[in-house]
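A short write-up of the structure that comes next.
Quick note: the coordinates plus some simple rules give every number you see, no bench work behind them. Note that the structure is predicted; figures quoted are calculated from it, not measured. Cβ atoms come from the backbone with ideal geometry, glycine included; neighbour counts cover every protein chain shown.
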Amino acid sequence: PRAPGGMGDVPEPCPQAPLAVLSKVELRVSCKHLLDRDTLNKSDPCVLLLMQSQGQWMEVDRSEVIKSNLNPVFAKIFTVDYYFEEVQKLRFEVYDSHGQAGVGTHDDDFLGGMECTVGQIVAQKRVTKPLFLKYGKFAGKSTITIISEEISGNNGYVELAFRAKKLDDKDLFSKSDPFLEIYRIDDDRSEQLVYRTEVVKNNLSPIWEPFKVSLNSLCSCEEKRKLRCVVWDYDSRGKHDFIGEFFTTFEEMQKAMGENKVQWDCMNPKYKIKKRNYKNSGVVVLLDLKIHRVYSFLDYIMGGCQIHFTVAIDFTASNGDPRNSCSLHYINPYQPNEYLKALVAVGEICQDYDSDKKFSALGFGARIPPKYEVSHDFAINFNPDNDECEGIQGVVESYQSCLPKIQLYGPTNVAPIISKVARVAADEERTKEASQYFILLILTDGVVTDMADTREAIVRASYLPMSIIIVGVGNADFTDMQILDGDDGVLRSPKGEPVLRDIVQFVPFREFKNASPTALAKCVLAEVPKQVVEYYSY
């Protein structure tokens, strides 16, 4: 929208707010079949929400108390910040409250508790679990249900095209110079200016330029929120004359999609009182409305998109003999090696988003039984028909039991595994539903031998629903890996074709050796939500 030049203090069309990506989640809580702790009447339940921070449970918020009700639906909405790259542990505790004394935390007032993660609630949208008393005892048949909803401050934007017809003439020697303003009416009845059009000079039937506004700004993403639209006759001294107004909602505006138009009488309340046969001061027509949805990572996860997790482990000879304590693959009975630490840190987060909790686990660079031929994509459970393990624990067990059976060899070829996961992702892509996104975690001790093929495979994979995380284990020179992580420039195939999107994240494990596992997971997974959204918005 442009402001025509030389019009004195024309109100500038207001700038469009940037579309912010918010990750806040609203949780609504209800319970069923609570224990009855009161002798004369039913329990008066109240829910406390606790979050784990550095191993300690901290109370974040609590609900209202609902009087004498064993199946309460709480009005309180709990809001929590959501981070994909962290395991955020929550605990809900239900207490029977006693009037003035507030919520007792005595055992006899405790109606039960439940623990879960924010990721689990978000992935399932609605979680119902039993409540437990102390020492893991069931609290009778009591259950608690948590419903989550993302506060999408980011549900896209809308393009609107307005015109008016037969507006009142406010000028003596020429016609009115109309412009239109749209206000959003907030809950406290205050008005927020959403948009102001340009001025069309000397025209009682103006056609204004189409414009875009975010749904958040237009109606706080609530279709029924009231909007006030005002038409003014522009005055260069800033004393604009009021022509008329009308009220509408985004819901009503949507009738203008396709071939339809919506129109409103532009009313001047003063004239309506004074003039007996007053009809209107003109009509305003919405010629066209287009909605452009912008989805966030949470929209996909809550819409049922599953994250499928594959881990690929480097079994080349440069790791050192697993029986030797200097080897990166040494199985130390007292503490996990770097391969296991990295696997568990990243896998624990991904497993919340995978409904069947089965992970594909592959190895590369070893000679494997029965013929001891080198393989660059073998299942570490040695089941060629099904390379999936049950949960992270299953991957750890398969890893430990496969080490004695294989012979570490080489070279370090990564392309076959990237291509293998890409084939599965390509089959998925043909379904055209946002149903599965693939994360490939490659754990390697060093330099990739098939760099050209790997670059080619990554460029191909960048068109598919997948991301690649490479964790460098040990103290090798990882310069090559930095090239694959397109952060310093665009990764290209050997023929010079650029990646469609940056899908590789490389992290040397040594930088996190003394940090907590969560720090490693945060670093490698921080890019994933953006990569998921980029893929689906293509």
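Residues whose amide H falls under 5 Å from that of ILE470, counting only those 5 or more places apart or on a different chain, are ILE442, GLN505, PHE506, VAL507, with hydrogens built in the peptide plane.
Taking only the Cα atoms of segment 157-292, the radius of gyration and Dmax are 14.8, 44 Å.
Overall, the ratio between the Cα radius of gyration of segment 305-537 and 2.2 N^0.38 Å, rounded to two decimals, is 0.95. With viscosity 0.692 mPa s and temperature 37 °C, the Kirkwood radius over alpha carbon pairs of segment 24-151 converts through Stokes-Einstein to a diffusion coefficient of 222 µm²/s. For the chain, the mean residue ellipticity at 222 nm estimated from helices alone is -5500 deg cm²/dmol, where every DSSP H run of n ≥ 4 contributes -39500 (n - 2.57) and the total is divided by all residues, rounded to the nearest 500.
Write down the percent of antiparallel bridges among all DSSP beta bridges whose residues are both part of segment 276-428, to the nearest 5. So the antiparallel bridges amount to about 60 percent of the total. Between the helical axis of 451-461 and the longest alpha-carbon principal axis of the chain there is an angle of about 40 degrees. Ranking LEU340, ASN260, ILE273 by how far each Cα lies toward the positive end of the dipole of segment 226-348 (charges on Cβ) leaves ILE273 at the top.
When all alpha carbon pairs of segment 317-408 are counted in 5 Å bins from zero, the resulting P(r) reads 3, 13, 23, 25, 20, 11, 5, 1 %. Amide H contacts of HIS308 (H built 1.01 Å from N, in plane; Pro and chain starts excluded): TYR437, PHE438, ILE439 sit under 5 Å, all sequence-distant by 5 or more or on other chains.
Pairwise Cα separations in segment 114-218 fall into 10 Å bins from 0 onward with the following percentages, short to long: 12, 23, 19, 14, 12, 10, 7, 3, 1. Per-residue 3J(HN,Hα) values for segment 393-408, derived from phi via the Karplus relation 6.51 cos²θ - 1.76 cosθ + 1.60 with θ = phi - 60°, read 4, x, 5, 4, 5, 4, 4, 5, 7, 7, 3, x, 8, 10, 10, 5 Hz in sequence order (x marks Gly and Pro). Rg over Rh for the chain works out to 1.10, both radii taken from alpha-carbon positions and Rh defined as the Kirkwood radius. Each 10 Å bin from 0 upward holds the following percent of the Cα-Cα pairs of segment 447-537: 16, 47, 30, 6, 0.
Note on LYS371: lysines with a C-alpha under 18 Å away, same-chain residues under 8 apart excluded, are LYS405.
Taking the DSSP beta bridges with both ends in segment 305-537, the antiparallel portion is around 30 percent.
Close amide H contacts of GLY244 (hydrogens built in the peptide plane, cut-off under 5 Å, sequence separation of 5 or more or a different chain): VAL231. Of all DSSP bridge pairs formed entirely within the chain, close to 80 percent run antiparallel.
Relative to the current alpha-carbon distance between ASN69 and TYR83, full extension at 0.36 nm per residue lengthens the span by 1.6 nm. Net length available on complete extension from SER220 to LYS76 is 49.8 nm, with 0.36 nm assigned per residue and the Cα-Cα distance removed. In the structure shown, the pairs LYS358/LYS432; LYS170/LYS270; LYS125/LYS420 are assessed against 20 Å; a Cα-Cα span above that value is assigned to LYS358/LYS432; LYS125/LYS420. Across segment 39-54, computed HN-Hα scalar couplings (Karplus, 6.51 cos²θ - 1.76 cosθ + 1.60, θ = phi - 60°) run 6, 8, 10, 6, 4, 10, x, 8, 10, 9, 9, 10, 10, 8, 9, 6 Hz from first to last residue, x flagging Gly and Pro.
Sequentially through segment 409-418, phi angles give Karplus couplings (6.51, -1.76, 1.60; θ = phi - 60°) of 9, x, x, 8, 9, 9, 4, x, 6, 4 Hz, Gly and Pro residues having no value and appearing as x.
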